[in-house]
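Student: My questions will all concern the structure given below.
The values are calculated or read from the model by the stated rules, or taken from the named source; none is laboratory data. No experiment lies behind these values; they were computed from the predicted model shown. Please note: Cβ atoms are built from the backbone with ideal geometry, for glycine as well, and neighbour counts cover all protein chains shown.
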Amino acid sequence: MTTYCGFHLEKVQQLQSALADAPSAASALAADIRNAAQRAEWISVAAAGMSPHQLGLDRTEPGGTTPGLTPIAEEAGGVAAEVQRRLDHLRSCRSLVADGFTFTGDEAFQDLPPIDAAKLKKARTDLTGVLAKDGLERTLGLLGVLEEIHGLNAGETDALVASLSDDQLDRWEEGMDLARSIPFGLVPDDAFDELANDLFTRLGAEQRERVTGHLPCLQPPLDSDHTGHPLAELPPADIDAATIEDINQGEIGDCWFLASIAAEMTADPDFVKKHMVANDNGTYTVTFYKDGKPVQVTVDSSVPYDGSSAEFAHGDPSWGRNGPSWIAIYEKAFAQFRGGYGDTEGGYGDEGMEALTGRDADRKDSDDLSFDEIARNLQDGTPMTAGSKEHTTGHLWWTKEQEKVEVGDDTVVSLHEYTVVGVDLGAHPPTVKLRNPWGSGGSVDEFITMTEDEFHDHFNELSVG
């Protein structure tokens, strides 16, 4: 007789039943042992002509448990319930294999609720029926199926995707791609984010790779200057070791966002750990905020790649592809949150802080705050960024071709957002230290230091979180 994945489920069920009966049996046996031991104790004392009271023996009624059997009495029932839950899941998988669904060992043995066969079959029927349609009818049908997919658990979602052919995945992509062009707000803004979250958080490695290859609609769109760049998988992100020195701006004008992350990390070194989670299947979930409410965005670790490093934000360039990757993934999640990489170009530090934390942030004229006030803000754990002058109209959207201004031994990039990392009130005269999000890979110094007069001469805004 052949059994599923090498387990003899009937034998495992017998073990489960024995475990379920063990607590009551252990309690009864322990009581018998305790009872017999106490009787023997009393008999031996009586034979010696002494009173049990003289020896301080326990004169309570016999009963209770013994140390060796107590763990069985207390824990076997819980273990039995866990085994039964896993058995139910395996039986669900085995029954669905006969209906054309496939499961890898990872999905079969994950600690998941049992698969609802009826719900999974209905979802496959509805989805494949919609995929067989053409044009707008397919697109609108797919939007209707999204809620059904949202209601599946991880095992059901993986089995659903595994049951689709590559051609069906391609037709899914075509339908979703058409949805982006539908006007008048007929397609909800979060439709793509929700689908990406559902798939990327639930799929195992094999099906996630298929989805990444066949449904590029789930990746944040690139701007026209970067379309066609291949995606490459980054190494696992070491979130616990994240530092602001890992942040190096790439070929997109999101200095305001990157400077804001560095500002939050300056105020709270654990900021990234609190807002970015590495999922078991190799994806990452980052929490942003919209109108003060948290929005979780899940992405994989594939990013535009130029052959030597990530095309956009990246870790230390001297490390090449093996550098810290968390910032590239964080930036990708933000691009997904905003609607595409192009939608991250142009902004101010206060906008970045509000998206990162949900807290209100203010943008002030740099002349409104003295170095003493800036120092107090930093000491109180308040994140701050500063925007440079020169061309004061428009957003801070420029990239590495921007005009530069020499200030003493340092260089200030015009129309650029910096992170305020410190104030030295003991210097003569006092100085402020700023970090350029271009990082160590830029054509200018990563950190610059200037006096209060120099700061007010070259920076016209401060964002205070």
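Student: Here is a check on your reading of the model: is L136 among the hydrophobic types (A, V, I, L, M, F, W, C), surrounded by 13 or more Cβ atoms within 10 Å (Cβ to Cβ) and part of a helix (DSSP H, G or I)?
Tutor: Judged against the criteria, L136 is not a match.
Student: Follow-up question, since we're still on this one. Which of the residues that make up the stretch 358-380 are within 25 Å of the chain's Cα centre (by Cα) and surrounded by fewer than 23 Cβ atoms within 10 Å (Cβ to Cβ)?
Tutor: Correct list: G358, R359, D360.
Student: Out of S318, S308, which single residue is outside any helix (DSSP H, G or I) and at pLDDT below 85?
Tutor: None of the others qualify; the one that does is S308.
Student: In the list D367, D362, which residue meets the criterion of being closer than 16 Å to A259 by Cα and at pLDDT 90 or above?
Tutor: Going through D367, D362 in turn, just one is closer than 16 Å to A259 by Cα and at pLDDT 90 or above: D362.
Student: Against the conditions (1) modelled with pLDDT of 90 or more; (2) in a loop (DSSP other than H, G, I, E, B), where does S443 fall short? Just the number, please.
Tutor: For S443, the exception is condition (1).
Student: I'd like to verify a number: residues in the stretch 143-166 that are within 15 Å of L215 (Cβ to Cβ), in contact with a Lys or Arg (Cβ under 9 Å, 6 or more places away or on another chain) and in a helix (DSSP H, G or I), how many?
Tutor: Residues that pass the stated criteria total 6.
Student: Right, something else. Count, please, the residues in the stretch 404-430 that happen to be free of Cβ contacts under 8 Å to residues at least 40 places away in the same chain and either at negative phi or part of a strand (DSSP E or B) (or both).
Tutor: Total meeting the criteria: 10.
Student: Let me ask something else. Starting from residues that are more than 20 Å from T449 (Cβ to Cβ) and of a type in the set (D, E, K, R), keep the ones in the stretch 376-420 and report whichever is modelled with the highest pLDDT.
Tutor: D380
Student: May I pose another question? Identify, from the list P437, P429, the residue that is surrounded by fewer than 16 Cβ atoms within 10 Å (Cβ to Cβ), touching a Ser or Thr at 6+ places or on another chain (Cβ under 8 Å) and at pLDDT 90 or above.
Tutor: Selected residue: P429, the only one of P437, P429 that is surrounded by fewer than 16 Cβ atoms within 10 Å (Cβ to Cβ), touching a Ser or Thr at 6+ places or on another chain (Cβ under 8 Å) and at pLDDT 90 or above.
Student: Would you tally the residues in the stretch 258-301 being farther than 13 Å from E354 by Cα, among the basic types (K, R) and either touching a helix residue (DSSP H, G or I) at 6+ places or on another chain (Cβ under 6 Å) or in contact (Cβ under 8 Å) with a residue 12 or more places away in the chain (or both)?
Tutor: Selection size over the stretch 258-301: 1.
Student: Do we find that H456 is outside any strand (DSSP E or B), out of contact with any strand residue (DSSP E or B) (no Cβ under 7 Å at 6 or more places or on another chain) and closer than 18 Å to L369 by Cβ in this structure?
Tutor: yes
Student: It is to be established whether one or more residues within the stretch 150-158 are modelled with pLDDT under 85, surrounded by fewer than 15 Cβ atoms within 10 Å (Cβ to Cβ) and within 24 Å of D280 (Cα to Cα).
Tutor: no
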